[in-house]
Structures are given as structure tokens and as C-alpha cells.
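Report on the structure given below.
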Amino acid sequence: MKILIIDDNEDISKMFSKYMTIKGHSCSVVNDGRSGLNLIENQAFDAIILDIAMPEFSGRDVIDELHKSGKIKNQNIVILTASAMTYDDESMLKSKGVRLCLKKPIDPDILLDQIQLFEIKKTM
């Protein structure tokens with residue numbers, strides 16, 4: 001799978017990228033929302049791991065822009081957050097096209113298992 005990781009924490013993005021690469025997946029990494037949005041608009045990814053709380057241009061901003069442009073429809077976006085997320089917040093993000101919301105810290109095996117479900121659903 002081709003995976004995009006968007007997280008302002010370079011240690012987290014490097015760790016996930018290294019892990020996903022070891023597991024046989026291709027990874028692109030950016031550490032800010034604007035760069036991530038640019039990649040999403042110009043390349044195809046099987047899954048996008050998106051940190052919701054980034055400075056300047058957050059994961060919510062990325063979601064809003066993709067939703068407005070209609071480009072969120074074919075994306076498999078997994079939101080990661082270290083912050084508390086209410087049911088209403090999660091519902092709103094999912095209504096815009098987010099596939100999954102997960103809490104940091106997360107075991108990379110669990111994250112990969114969740115992402116691989118997108119591929120299984122695509123083949124059904």
C-alpha cells in the first residue's frame with residue numbers, strides 16, 4: 001500500500017514510516033498540514049494517517065479543504081489525536097469523509113491492521 005503520514009512530530013512520523021516500510025508498504029512523510037494537502041491533491045494514496053492537532057494548518061484544516069473541494073470522497077483518512085475527542089467531534093469528522101479516528105499513543109500493529117482493512121474492503 002501507498003501510505004501518506006502527516007504529523008508535525010517528526011519522531012512519530014519517522015517511527016510510523018520506518019515501521020510501515022519494514023512491513024512492505026511505501027510511505028511518504030510530511031510534517032505540516034499544507035504540504036500534506038498538496039500531496040493529497042496531486043498523488044493517490046491507499047491510506048492517509050493525519051494528525052489532527054498541528055500548528056498553523058491543522059488536520060481539521062486539511063479535512064475541511066478536502067471536503068470543500070470534494071477530493072475527500074476517495075480518501076482513506078485515519079485521524080490520530082493525543083487530545084480528547086468528543087463523540088460529536090468524531091461524528092463531524094466522519095460525516096466529512098474521515099474513515100477512522102484513533103487515539104495516540106497507538107500501537108503500530110493496531111494502526112496497520114486498521115489501515116489494511118481499507119484494502120480488504122476495496123477488494124470486496
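The values are calculated or read from the model by the stated rules, or taken from the named source; none is laboratory data. Since the structure is predicted, the reported quantities are computational estimates derived from the model, not experimental observations. No Cβ is skipped: glycine too gets one built from the backbone with ideal geometry, and neighbour counts run over all protein chains shown.
Candidates are the residues of segment 5-27 that are touching a helix residue (DSSP H, G or I) at 6+ places or on another chain (Cβ under 6 Å) and closer than 16 Å to Ile79 by Cα; the one that is surrounded by the fewest Cβ atoms within 10 Å (Cβ to Cβ) is Ile5.
Yes/no per residue for (1) modelled with pLDDT under 95; (2) of a type in the set (Ser, Thr, Tyr); (3) assigned to a helix (DSSP H, G or I); (4) more than 26 Å from Ile120 (Cβ to Cβ):
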{"position": "Leu4", "(1), (2), (3), (4)": "no, no, no, no"}
{"position": "Lys18", "(1), (2), (3), (4)": "no, no, yes, no"}
{"position": "Gly36", "(1), (2), (3), (4)": "no, no, yes, no"}
{"position": "Glu65", "(1), (2), (3), (4)": "no, no, yes, yes"}
{"position": "Met85", "(1), (2), (3), (4)": "yes, no, no, no"}
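Pairs are defined by a Cβ separation below 7 Å, a sequence spacing of at least 6 or placement on different chains, a first member in segment 95-121 that is closer than 20 Å to Asn9 by Cα and touching a residue at least 24 places away in the same chain (Cβ under 8 Å), and a second member that is surrounded by fewer than 17 Cβ atoms within 10 Å (Cβ to Cβ) and hydroxyl-bearing (Ser, Thr, Tyr); the pairs so defined are Pro108/Tyr19.
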